[in-house]
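The values are calculated or read from the model by the stated rules, or taken from the named source; none is laboratory data. Just so we're clear, the structure is a prediction, and the values are computed from it rather than from any experiment. Using ideal geometry, Cβ is built from the backbone for each residue, glycine included, and neighbour counts are taken over all protein chains shown. Just so you know, the surface numbers come from the protein's heavy atoms only, side chains and all, with ligands and any DNA or RNA stripped out. Shrake-Rupley method; radii C 1.70, N 1.55, O 1.52, S 1.80 Å.
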Amino acid sequence: MIGPAHLALAQFEVEEDSSFGFFERMGTLPPVTMQVDQTPLALDYVAQAKAEKAAERPADRIGQQVAQLLGPELANTNAEDPAETQVLPAADEQLLESALRLYHRMENQAAIAAFVKVLNFVGARPEVEKKALIYIARIYYQLDMPLRTIGLLELYADSYPSDPRREEVIFQTGMIHREMGQFEPAIAAFYRVLNAIIMAGEEGIDAYLKLARMAQFEIARTRFALGQWAQAIDLFSRIDLLELGAEDRETLRFYRAKSLVYVGEAGKGLRAIDRFIAEYPNSSFNPELHYEKARAQISMKQMDQGRQTLINLLEMGGVPQQNMTSEWVEWRRMSGNFLANYYFESGEYEPALQLYQALVVMDQAPQWQLPIVLQMASCFRELNRHQRAVESFEFVVQEIDLMRENSGVDALGAEFEFLADSASWQLGLLKWYDGLAQRVADDA
């Protein structure tokens with residue numbers, strides 16, 4: 001488990017699973033339902049087009065680059081041949097306003113074409129172009145099209161090398177890459193941010209110190225997500241805790257503790273976890289650290305301590321009332337499942353069964369319930385309660401058959417098909433064994 005989703009440094013207010021804070025800092029506003037004036041804007045498109053033609057706009061105009069990036073449907077967003085010669089003052093702003101009206105009405109395709117028209121306008125000022133480009137990127141992010149979003153942000157960074165927000169734009173491409181699970185491109189983007197800040201000299205480092213720390217931190221986190229625990233520990237250790245805010249220090253210590261456990265330094269990891277829980281008793285990271293502590297204890301053959309840690313987490317012993325959150329609920333379920341499996345593998349079938357019976361009602365989702373019912377059936381079998389075992393195996397088979405019928409497919413995902421095959425095989429074996437036992441009894 002990598003941990004809770006929202007783990008970016010608080011000072012920079014970036015969330016791992018959402019980039020909307022970034023877009024708002026760049027000057028965009030989310031679309032809202034509003035009353036919009038339907039009167040056409042007083043734009044002289046004919047004059048604009050003639051001025052563009054006279055200026056012999058280069059083929060690599062940024063609007064054309066955007067159109068190439070987004071697809072052929074946006075290739076022809078220029079005005080028709082002119083009949084006037086004068087370009088209206090602030091026409092670029094009027095074009096932008098027209099695009100924004102479409103955006104706020106959530107007419108996404110029309111808004112994108114209108115923003116591209118802004119970018120193709122030969123008289124557009126850089127600040128207007130930038131806003132249009134960022135709005136297009138935001139639309140594609142809202143449409144859950146991250147690759148196009150990244151392409152647009154990279155075009156922004158390449159087209160405006162002197163923009164003071166360029167490094168943040170590059171940083172955001174790294175964050176989106178990581179949201180997609182593309183860890184190596186994410187790391188490359190974060191290093192690109194660091195390199196750009198270093199190349200800017202002392203003045204650049206002072207101006208972008210928070211962003212540089214963020215890039216360092218995200219490189220370490222991404223190494224962690226890749227399972228490169230030793231590199232993650234080394235990178236986390238290089239970040240000066242004294243330069244971080246309180247919430248950032250908490251996040252960094254959480255990752256350090258987990259990295260120590262994962263890299264095989266279980267003793268150091270346990271001590272780091274205990275220090276963390278003592279220092280941050282109300283932290284949202286605590287349920288996960290309790291779970292990791294139990295796993296570490298069991299890996300060190302501290303069976304009783306590990307079992308007690310899991311029981312404490314499952315029973316919410318000593319947890320402040322305000323921490324009864326979804327994080328605690330999820331990690332309680334995981335700890336209960338881990339403990340029940342531990343009992344089963346140890347041959348303690350009765351306590352394992354009791355735990356499975358308590359866990360199965362925690363969630364109605366079949367992907368949660370059916371594997372647990374299968375384990376309950378195995379417990380019944382080991383306890384020689386064969387009729388209950390048969391009923392449980394049959395329940396799994398029948399539920400998956402019903403899911404296939406309702407979905408109209410011959411086969412579900414690999415997980416459900418494995419459950420069905422396992423339940424069918426064990427059901428057949430159990431019925432054969434019971435039949436054999438009955439025949440032996442009859443012969444006797």
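When the test is whether a residue is under 20 Å from residue 20 (Cα atoms) and either in a helix (DSSP H, G or I) or not aromatic (Phe, Trp, Tyr) (or both), residue 155 passes it.
The numbered conditions (1) surrounded by fewer than 21 Cβ atoms within 10 Å (Cβ to Cβ); (2) out of contact with any His (no Cβ under 9 Å at 6 or more places or on another chain) are all true for residue 277 except (2). Among the conditions (1) under 25 Å from residue 293 (Cα atoms); (2) aliphatic (A, V, I, L, M); (3) at pLDDT 85 or above, residue 329 misses just one, which is (3). Among the residues of region 274-299, those identified as free of Cβ contacts under 8 Å to residues at least 60 places away in the same chain, closer than 20 Å to residue 333 by Cβ and touching an Asp or Glu at 6+ places or on another chain (Cβ under 7 Å) are 283, 287.
Within region 93-120, residues that are hydroxyl-bearing (Ser, Thr, Tyr) sit with their Cβ atoms under 8 Å from residues that are at pLDDT below 90, at 6+ positions apart or across chains, in these pairs: 98/41; 98/43; 103/31.
Matching residues to (1) out of contact with any Ser or Thr (no Cβ under 8 Å at 6 or more places or on another chain); (2) more than 30 Å from residue 254 (Cα to Cα):
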{"residue": "154", "(1), (2)": "no, yes"}
{"residue": "169", "(1), (2)": "yes, no"}
{"residue": "175", "(1), (2)": "no, no"}
{"residue": "180", "(1), (2)": "yes, no"}
{"residue": "196", "(1), (2)": "yes, no"}
{"residue": "212", "(1), (2)": "yes, no"}
{"residue": "216", "(1), (2)": "yes, no"}
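Going through (1) at pLDDT below 90; (2) in a helix (DSSP H, G or I) one by one, residue 277 falls short only on (1). For region 119-147, the candidate set comprises residues that are open to solvent by 60 Å² or more (accessible area, probe 1.4 Å) and assigned to a helix (DSSP H, G or I); within that set, the residue that is nearest to residue 27 (Cα to Cα) is 131.
Whether a residue is more than 30 Å from residue 302 (Cβ to Cβ), crowded, with 17+ Cβ neighbours inside 10 Å and in contact with a Leu (Cβ under 6 Å, 6 or more places away or on another chain) was assessed, and residue 430 does not pass this test.
Considering region 221-268, and only residues there that are under 14 Å from residue 285 (Cβ atoms) and either polar (S, T, N, Q) or more than 25 Å from the chain's Cα centre (by Cα) (or both), the residue that is surrounded by the most Cβ atoms within 10 Å (Cβ to Cβ) turns out to be 259.
So that you can scan it fast, the table gives a plain yes or no per residue for (1) of a type outside the set (Lys, Arg); (2) open to solvent by 20 Å² or more (accessible area, probe 1.4 Å); (3) in a helix (DSSP H, G or I); (4) more than 23 Å from residue 306 (Cα to Cα):
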position	(1), (2), (3), (4)
350	yes, yes, yes, no
377	yes, no, yes, yes
381	no, yes, yes, yes
388	no, yes, yes, yes
392	yes, no, yes, yes
398	yes, yes, yes, yes
406	yes, yes, yes, yes
410	yes, yes, no, yes
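Residues of region 382-432 that are more than 24 Å from residue 354 (Cα to Cα), free of Cβ contacts under 8 Å to residues at least 24 places away in the same chain and over 38 Å from the mean Cα position of the chain (by Cα): 428, 429, 432.
Residue-by-condition table, conditions (1) under 29 Å from residue 337 (Cα atoms); (2) in a helix (DSSP H, G or I); (3) in contact (Cβ under 8 Å) with a residue 24 or more places away in the chain:
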position: 235; (1), (2), (3): no, yes, no
position: 250; (1), (2), (3): yes, yes, yes
position: 259; (1), (2), (3): yes, yes, yes
position: 301; (1), (2), (3): yes, no, no
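Take the conditions over 25 Å from residue 383 (Cβ atoms), at pLDDT below 85 and either surrounded by 13 or more Cβ atoms within 10 Å (Cβ to Cβ) or among the acidic types (Asp, Glu) (or both) and apply them to residue 315. Does it pass? When the stated conditions are applied, residue 315 does not pass them.
Could you check region 206-220 and list, in sequence order, the residues that are open to solvent by less than 30 Å² (accessible area, probe 1.4 Å) and of a type in the set (Phe, Trp, Tyr)? Of everything in region 206-220, just one residue is open to solvent by less than 30 Å² (accessible area, probe 1.4 Å) and of a type in the set (Phe, Trp, Tyr), namely 217.
In region 110-118, the condition of being open to solvent by 20 Å² or more (accessible area, probe 1.4 Å) and under 21 Å from residue 211 (Cα atoms) is met by no residue.
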